[in-house]
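Below you'll find the structure, written out as structure tokens, and then a few comments.
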């Protein structure tokens, strides 16, 4: 989704949990908890937000160029038809009920939007500090619905690249979605592994790569990916990813879970007693032990 400077994605809520990453520009987000407390924050490229299902929220583009962001929902069949809008709630409730509910003068009702706004232009907001002062201490929640991922240290870093993992351990409100953003140098690979608890959804942000997925019954597929492609790996299926381009490969891994988990093929082999490894791999132990002895996540070229 892209918003021009000042434009709103109107106040709304969803049937699914919403996770997002800012791709370019700046935005201001708001979300209200069921207890009536509000959260406001400004975000830049690489920052994240998480809005639980049913929590009303908004997004507004800031700066000269507005913003672009990727939205992720934790329901595979989610669509925009599963979104509730403030404008539609008011437009499809009788004026008499709205008047009793809000105490607004009946003469003002013609000013209300007759249909959904969805995305609409508006003036830039006041400063974040000013809008937080409007809320006051009693109305501002202590929960953090945004996460500054670009400010965190890489969870894993090698000569081949790095990975930043964000789940409920470091972003507590994100109880339904875990994520990792991975950067691979040219020729490097995301090591052979699988996820024991959930399937993986991917968004390829930059560069070129090749993924091999091996499932049960000896079936497998290898496919090439480019920026803006989407990938999927079934739960527990072994897979690996290689940077086949000449620039850094950056992709997003998404999981419908509160905790990120993966199992490393190299680590598994390294933990096997020598005779067990030799019996299964049919290789001499001196050859077997040349493989990395621990989980690396990213292997250099």
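Structure notes:
- Residues that are without any contact (Cβ under 8 Å) to a residue 24 or more places away in the chain and closer than 21 Å to residue 294 by Cβ, drawn from the stretch 158-177: 164
- Taking the numbered list (1) buried (at least 19 other Cβ atoms within 10 Å of the Cβ); (2) part of a strand (DSSP E or B) in turn, residue 16 passes all entries but (2).
- Some residue of the stretch 213-229 being surrounded by 18 or more Cβ atoms within 10 Å (Cβ to Cβ), assigned by TED's automatic domain parsing to the domain that holds residue 292, at pLDDT 95 or above and closer than 30 Å to residue 270 by Cα: yes
- Here residue 58 fulfils each of the conditions (1) closer than 16 Å to residue 18 by Cβ; (2) more than 18 Å from the chain's Cα centre (by Cα) apart from (2).
- Cβ pairs under 9 Å, 6+ apart, first in the stretch 128-146 and surrounded by 12 or more Cβ atoms within 10 Å (Cβ to Cβ), second part of a helix (DSSP H, G or I): 140/132
- The residue that is surrounded by the most Cβ atoms within 10 Å (Cβ to Cβ), among those in the stretch 98-113 that are touching a helix residue (DSSP H, G or I) at 6+ places or on another chain (Cβ under 6 Å) and either in contact (Cβ under 8 Å) with a residue 40 or more places away in the chain or assigned to a loop (DSSP other than H, G, I, E, B) (or both), is 113.
- Among (1) modelled with pLDDT under 95; (2) part of a strand (DSSP E or B); (3) touching a strand residue (DSSP E or B) at 6+ places or on another chain (Cβ under 8 Å), the one test that residue 64 misses: (3)
- Among the candidates 205, 165, residue that is assigned to a strand (DSSP E or B), farther than 22 Å from residue 247 by Cβ and assigned by TED's automatic domain parsing to the domain that holds residue 245: 165
- Breaking point among (1) under 20 Å from residue 256 (Cβ atoms); (2) at pLDDT 95 or above, for residue 189: (1)
- Output for the stretch 226-258, where each listed residue is more than 18 Å from residue 208 (Cβ to Cβ), in a loop (DSSP other than H, G, I, E, B) and touching a strand residue (DSSP E or B) at 6+ places or on another chain (Cβ under 6 Å): 236, 237, 257
- Per the conditions (1) farther than 25 Å from residue 179 by Cα; (2) modelled with pLDDT under 95; (3) in contact with a helix residue (DSSP H, G or I) (Cβ under 8 Å, 6 or more places away or on another chain), the sole criterion not satisfied by residue 296 is (1).
- Sole residue being surrounded by 20 or more Cβ atoms within 10 Å (Cβ to Cβ), touching a strand residue (DSSP E or B) at 6+ places or on another chain (Cβ under 8 Å), touching a residue at least 12 places away in the same chain (Cβ under 8 Å) and within 25 Å of residue 20 (Cα to Cα), chosen from 180, 188: 180
- Against the numbered list (1) out of contact with any strand residue (DSSP E or B) (no Cβ under 8 Å at 6 or more places or on another chain); (2) under 21 Å from residue 23 (Cβ atoms), residue 169 comes up short only at (2).
- In this structure, residue 136 does not satisfy being closer than 24 Å to residue 203 by Cα and not assigned by TED's automatic domain parsing to the domain that holds residue 205.
- In the set (1) closer than 19 Å to residue 144 by Cα; (2) in contact (Cβ under 8 Å) with a residue 40 or more places away in the chain; (3) over 15 Å from the mean Cα position of the chain (by Cα), residue 52 fails one condition alone, (3).
- Residue selected from the stretch 41-52 under the condition surrounded by 21 or more Cβ atoms within 10 Å (Cβ to Cβ) and in contact with a helix residue (DSSP H, G or I) (Cβ under 7 Å, 6 or more places away or on another chain), by the criterion farthest from residue 167 (Cα to Cα): 47
The values are calculated or read from the model by the stated rules, or taken from the named source; none is laboratory data. Because the structure is predicted, anything quoted here is derived from the model rather than measured. Quick reminder, even Gly has a Cβ in these numbers, built from the backbone with ideal geometry, and neighbours come from all protein chains shown.
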